[in-house]
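Notes follow once the structure below has been shown.
The values are calculated or read from the model by the stated rules, or taken from the named source; none is laboratory data. Computed from a prediction, not measured in an experiment: that's the story for all the values here. Glycine gets a Cβ as well: all are built from the backbone with ideal geometry, and neighbour counts include every protein chain shown. Side chains are part of the model used for accessible areas, which takes the heavy atoms of the whole protein and leaves out ligands, DNA and RNA. Shrake-Rupley method; radii C 1.70, N 1.55, O 1.52, S 1.80 Å.
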Amino acid sequence: MPSPSWQKRISSLLGWGSLALGSSAFCLLVFQALFGRQLEQLQTIQLGRDLALNVRLTELALERYPPHLVAELTGLDLVVTVRPKPSTLDPSAGFKRQAEALQQQLCQRLSHCPMVYPHRAAGEERSIWIELISPLEPIWLKVNVPSMMRWPPEPTLLGLSLVGAGIICGGLFLLVEVEAPLRSLEKALARVGEGGGPDAVPARGAPEVQRLTERFNAMVQRLATSRQERATMLAGIAHDLRAPITRLQFRLSMPQLTAEDRERCAGDLQSLERITGQFLLFAGGGDGEASVEVPLEQLLAEVASSHPADQLHLDLTPLSMAVKPVALGRAVANLIDNAFSYGTAPVVLRLRDMDSRCSIEIWDQGEGMPASEWEQALQPFHRLDSSRGQQGHCGLGLAIVSHVATLHGGRLECLQGDLCSEKQPPGRFAIRLSLPLPTDRQVSEHPQS
């Protein structure tokens, strides 16, 4: 059974085919009405020229030979009589006009004006009797005359009707399949940016217009998703900043602050700074950063330098490639912070060259997360725990890492130690950030940091 798209395409082809046939018939009728009489006159002139030639030759032959011998030699229908037999059927008005027109043509082309009678009999073709000049006896020539019916149409009129049908169908196609869908698309474009944005435009019309409409609908969907994320981000900012700001206001209102309270205030300020940085990075702070060729093992070692060496182990293969260093460093830092916050130490940061890809893995000894929750964890403002008051965490860590991976043309995936292909994985759970390596990459020769 054909698919709905094929059924729609077949129906469209049948519709346009029927329109083409109808347009051809309409154009043929119009051209017949406009030029049919002129074509009949041209046919009459051509037939009169041929009859005049036959009449001349027959009269010359009758000067030397008897009628029956001329009839046998030429195959003409010659009758010796004073007047031909009358028609058994009354000639139509059109046939009479044709006979009169042929007589006029003969009178113009011959030295004399012969008598011409239309003749119709049951079971016979239409014919005319033409009086010949004979030296001895009256002789009539019977000639079959083709009907001047307008079917089948003249090739010229048929060609003109096909051209006219093509023009009509082409104009209607542009109007229905191109102009109307583009006008709907134009109206939808005019509504972009107004309120909630335009609705999806139905994909109809020519295939090129349908592809353009699908691209527009995809753009509208991306804009709607962006608006939703922005609204969610603004709501998240208001919610996540409220708790540390409230604590700061409360502690600063106290007459005397102890060292412990001051330390807590400093922690809240750090949380505010971290949350603000996360929001700025998620809002596209790293999109405009230029790519720079850097030794990745040194960049990752610098990112990991703020953590104790006994809690964070480094396994870095010397590797150099072009990356966005600030965005990549922030993404790796988020993965390390998540490993310490939600996993179990020690954490292992590993850099490997996997043929055509660069693999950055952060292993910890925790239980990780179920594979069914992985896609949800990549969504903005989704937390790995159920609380919302944790220090400096606003649910943007993995979303930022996924965004950075997309900027570099890479991907983000999670690994379970018990399902890992390695015999002795460095942990129980890992998140891998893999980036594509250029074909002409060069591995660094300097020793591991």
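Below, the figures for the structure above:
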{"quantity": "Residue 51 vs. criteria aliphatic (A, V, I, L, M) and either open to solvent by 100 Å² or more (accessible area, probe 1.4 Å) or under 60 Å from the mean Cα position of the chain (by Cα) (or both)", "calculated": "no"}
{"quantity": "Residue 125 being farther than 28 Å from residue 33 by Cα and either at pLDDT 85 or above or open to solvent by 20 Å² or more (accessible area, probe 1.4 Å) (or both)", "calculated": "no"}
{"quantity": "Qualifying residue in segment 3-21 (condition: assigned to a loop (DSSP other than H, G, I, E, B) and exposed (fewer than 14 other Cβ atoms within 10 Å of the Cβ))", "calculated": "yes"}
{"quantity": "Search result, residues across segment 333-342 that are open to solvent by less than 20 Å² (accessible area, probe 1.4 Å) and touching a strand residue (DSSP E or B) at 6+ places or on another chain (Cβ under 7 Å)", "calculated": "335, 336, 339"}
{"quantity": "Any hit, segment 365-377, residues being in contact with an Asp or Glu (Cβ under 6 Å, 6 or more places away or on another chain), buried (at least 19 other Cβ atoms within 10 Å of the Cβ) and at pLDDT below 80", "calculated": "no"}
{"quantity": "Number of positions in segment 353-363 that are open to solvent by 10 Å² or more (accessible area, probe 1.4 Å), among the acidic types (Asp, Glu) and in contact with a strand residue (DSSP E or B) (Cβ under 9 Å, 6 or more places away or on another chain)", "calculated": "1"}
{"quantity": "Neighbours by Cβ (under 9 Å, 6+ apart or cross-chain): first from segment 105-128, within 18 Å of residue 95 (Cβ to Cβ) and of a type in the set (Asp, Glu); second open to solvent by 20 Å² or more (accessible area, probe 1.4 Å) and at pLDDT 90 or above", "calculated": "none"}
{"quantity": "Out of 106, 136, sole residue that is over 60 Å from the mean Cα position of the chain (by Cα), open to solvent by less than 20 Å² (accessible area, probe 1.4 Å) and either farther than 21 Å from residue 78 by Cα or not basic (Lys, Arg) (or both)", "calculated": "106"}
{"quantity": "Subset tally (residues that are touching a helix residue (DSSP H, G or I) at 6+ places or on another chain (Cβ under 7 Å) and either part of a loop (DSSP other than H, G, I, E, B) or over 30 Å from residue 24 (Cα atoms) (or both)) for segment 158-187", "calculated": "1"}
{"quantity": "Candidates 86, 67 - the one that is of a type outside the set (D, E, K, R) and either surrounded by 12 or more Cβ atoms within 10 Å (Cβ to Cβ) or on the phi > 0 side of the Ramachandran plot (or both)", "calculated": "67"}
{"quantity": "Where residue 78 falls short, out of the listed (1) in a helix (DSSP H, G or I); (2) in contact (Cβ under 8 Å) with a residue 60 or more places away in the chain", "calculated": "(1)"}
{"quantity": "Positions within segment 399-449 being over 18 Å from residue 331 (Cα atoms), assigned to a helix (DSSP H, G or I) and at pLDDT 70 or above, in sequence order", "calculated": "417"}
{"quantity": "Tally, over segment 87-129, of residues that are outside any loop (DSSP other than H, G, I, E, B) and either of a type outside the set (A, V, I, L, M) or in contact with a helix residue (DSSP H, G or I) (Cβ under 6 Å, 6 or more places away or on another chain) (or both)", "calculated": "22"}
{"quantity": "Selection status of residue 326, at pLDDT 80 or above, of a type outside the set (Asp, Glu), in a helix (DSSP H, G or I) and surrounded by fewer than 17 Cβ atoms within 10 Å (Cβ to Cβ)", "calculated": "yes"}
{"quantity": "Tabulated pairs, segment 425-437, first touching a residue at least 40 places away in the same chain (Cβ under 8 Å) and closer than 11 Å to residue 361 by Cα, second open to solvent by 10 Å² or more (accessible area, probe 1.4 Å) and basic (Lys, Arg), C-beta under 6 angstrom, 6+ apart or interchain", "calculated": "434/357; 434/411"}
{"quantity": "Residues that are of a type outside the set (Asp, Glu), at pLDDT 75 or above and open to solvent by 100 Å² or more (accessible area, probe 1.4 Å), drawn from segment 221-263", "calculated": "221, 222, 228"}
{"quantity": "Every residue from segment 303-325 that is under 39 Å from the mean Cα position of the chain (by Cα) and β-branched (Val, Ile, Thr)", "calculated": "323"}
{"quantity": "Contacts under 7 angstrom Cβ, first residue in segment 311-337 being in contact (Cβ under 8 Å) with a residue 12 or more places away in the chain, partner open to solvent by less than 40 Å² (accessible area, probe 1.4 Å) and hydroxyl-bearing (Ser, Thr, Tyr), 6 or more apart", "calculated": "318/444; 319/444; 320/444"}
